[in-house]
Amino acid sequence: MCTQPRLLKQLEDMNVEDTILKLEGIRKEHPGVIALDRVNVEFKEGEVHALLGENGAGKSTLIKILSGAIEPNVGTIKVGKKIYQKMTPALSQSLGIGVIYQEFNLVPSLTVTENIFLGCEKRHGIIRDTKGMYTRAKELIDMLGVDIDPNIEVRHLSVAYQQIVEIVKALSKNVKILIMDEPSAPLTNTEVEALFKLVYRLKEKGVTIIYISHRMEEIFEICDRVTVIRDGLVIETAPLANTNKQELISWMVGRELNEQYPKSNAKIGDVVFEAKDICAYNYLKNINLKVRAGEIVGIAGLVGAGRTEFARAVFGASPIQSGKLYMNGKEVCISSGGGGEDRKQQGLLLHMNIEENISFVTIKDISRGTVINKRKEKQIAKDYSHKLRIKTPSIKQLVKNLSGGNQQKVALAKWMVTKAKLMIFDEPTRGIDVGAKQEIYQLINELAENGMAIIMISSEMPELLGVSNQIVVMGEGEIKGMLSTAEATQQKILSVASSQKEGV
């Protein structure tokens, strides 16, 4: 439940004059689908207001309307005492509305400081105030309690640190209403704590925060009220103190979810995959790991632990400097691959449709010479769109037009159609709602029950504890320990992750 009783009391005493943002009768239609239908919702000054819903429920559309990226068909937006029929990006920003999108909008070749002030550089006359921008960037970064060099190019940062740059970028514009779309998805527990402290500071200053997250624990920890959207309709708005996790889930999905982490009935078989003394990136050091048929091995670790680097080395997306890989006891040499934890940059063809993306890696299997069997391609896409409940009016929909969560599902589907013996999932449920998460867990279990060996990387420790057979803990480019799920706890995983290897 909410841990801020003083703020709750303030919220109870609020009246209509405390409303800083109000949407009335908002409707938005896309070809073949109604994204938002007669949405009425209001946000109070200085509150953290959770906005929940399954992927495709309409959350992203609402955000884009507030930011001025798209226009509603009908309805009004009231900011303070002024009413608007629509927003533009310039108007939205001038009214103090800032958005931290789930997908990054950074220029990789520019520095952190340059990204933060891109389009609004500080100047002395016609000369850029480089020193002033650097100083301000460092102040904002220090507020978050993280160690990022403002002069480093963004392309050299991890996904987690790029997210922090996005947050700082929004804060630099002195926002009054800050929309956070899955801000904690790529962050470690320590970084999430720093994010929460920042949220508390902002609402003490009267900033209104619209907080979108699929992590229920976060919602109850930092939010005051919640609005749930389903199929473009507002289902409920309520104080967090008056509801619970199960009720929120039922509002979101329209049904009860009885088991958050369905258990696998897979029989553990022989070793399918083995890594021996793998070194890569001048960082990974002597990684040794075995994964058996039917086994789900979870990999935990803090940011910079080397989890994704190990996955990319195994997959062939990055070269191995030394060591050997074995499949079913035979040494293999893997030299090419794709994929990764960032679905947009490494996992999808955004300007192609769902059907083409899902069939992309198996195109040879459904082709005769240079001729693609379009019937098979269509059937595969339809089957996996149904299995993963990808919300779309058509499998011909361009992937770039899908919500972030549905893009993640397409990235998963693409690899699920392969006849692989080993599957590596790198943050498979990032940005995905609770209903879809359960479906993905069930699919992972089905793969294991069919004899597949599975490596699962996740920053959500409850997920690793709920799904894995054993957990490998990485840190500083090496394996620091292995725990069975029977003995593993969040505290023990963190303790191992932050320890020195010889102490394990």
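Within the set of pairs 6+ apart or on separate chains, which have a first residue in segment 311-325 that is assigned to a helix (DSSP H, G or I), a second that is modelled with pLDDT of 90 or more and not hydrophobic (A, V, I, L, M, F, W, C), and C-beta atoms under 7 Å apart? Within 7 Å, no pair qualifies.
Taken across segment 266-281, residues that are outside the structural domain of residue 403 (by TED's automatic domain parsing), modelled with pLDDT under 90 and either more than 30 Å from residue 470 (Cβ to Cβ) or not hydroxyl-bearing (Ser, Thr, Tyr) (or both) do not occur at all.
Test residue 299 against the stated conditions and say whether it is in contact with a strand residue (DSSP E or B) (Cβ under 6 Å, 6 or more places away or on another chain), aliphatic (A, V, I, L, M) and under 20 Å from residue 422 (Cβ atoms).
yes
Residue 289 meets the stated requirement of being surrounded by 17 or more Cβ atoms within 10 Å (Cβ to Cβ) and in a strand (DSSP E or B). Checked against (1) on the phi < 0 side of the Ramachandran plot; (2) assigned to a loop (DSSP other than H, G, I, E, B); (3) in contact (Cβ under 8 Å) with a residue 40 or more places away in the chain, residue 167 passes all but a single condition, namely (2).
Among the candidates 209, 278, the residue that is buried (at least 19 other Cβ atoms within 10 Å of the Cβ), among the aliphatic types (A, V, I, L, M) and under 21 Å from the mean Cα position of the chain (by Cα) is uniquely 209.
Is there a residue in segment 367-384 that is under 25 Å from residue 438 (Cβ atoms), touching a Lys or Arg at 6+ places or on another chain (Cβ under 9 Å) and either of a type outside the set (A, V, I, L, M) or assigned by TED's automatic domain parsing to the domain that holds residue 436 (or both)? Yes, the conditions are met somewhere in segment 367-384.
Return yes when residue 72 is surrounded by fewer than 18 Cβ atoms within 10 Å (Cβ to Cβ), closer than 26 Å to residue 405 by Cα and in contact (Cβ under 8 Å) with a residue 12 or more places away in the chain and no when it is not. It is false that residue 72 is surrounded by fewer than 18 Cβ atoms within 10 Å (Cβ to Cβ), closer than 26 Å to residue 405 by Cα and in contact (Cβ under 8 Å) with a residue 12 or more places away in the chain. Taking the conditions (1) of a type in the set (A, V, I, L, M, F, W, C); (2) over 30 Å from residue 295 (Cβ atoms); (3) not in a strand (DSSP E or B) in turn, residue 268 satisfies each one other than (2). For residue 241, the conditions (1) of a type in the set (Gly, Ala, Ser); (2) in the same structural domain as residue 145 (by TED's automatic domain parsing); (3) over 14 Å from residue 52 (Cβ atoms); (4) at pLDDT below 90 are fulfilled apart from (4).
Candidates are the residues of segment 440-477 that are surrounded by 19 or more Cβ atoms within 10 Å (Cβ to Cβ) and charged (D, E, K, R); the one that is nearest to residue 159 (Cα to Cα) is 460.
Determine, yes or no, whether residue 160 is more than 28 Å from residue 94 (Cα to Cα), among the small types (Gly, Ala, Ser) and modelled with pLDDT of 95 or more. No; evaluated as a whole, the condition is false for this residue. Remark: pairs (first residue in segment 339-357, under 19 Å from residue 157 (Cβ atoms); second residue assigned to a loop (DSSP other than H, G, I, E, B) and modelled with pLDDT of 65 or more; Cβ separation under 6 Å; 6+ apart in sequence or on different chains) = 341/427; 344/103.
Restricting attention to segment 258-277, does a residue exist that is over 30 Å from residue 420 (Cα atoms) and not aliphatic (A, V, I, L, M)? Scanning segment 258-277, I find at least one residue that is over 30 Å from residue 420 (Cα atoms) and not aliphatic (A, V, I, L, M), so the answer is yes. Here is the figure for segment 212-224: residues that are outside any strand (DSSP E or B) and buried (at least 20 other Cβ atoms within 10 Å of the Cβ) total 6.
The values are calculated or read from the model by the stated rules, or taken from the named source; none is laboratory data. The structure displayed is predicted, hence computed values, not measured ones. All Cβ positions, glycine included, derive from the backbone under ideal geometry; neighbour counts span all protein chains shown.
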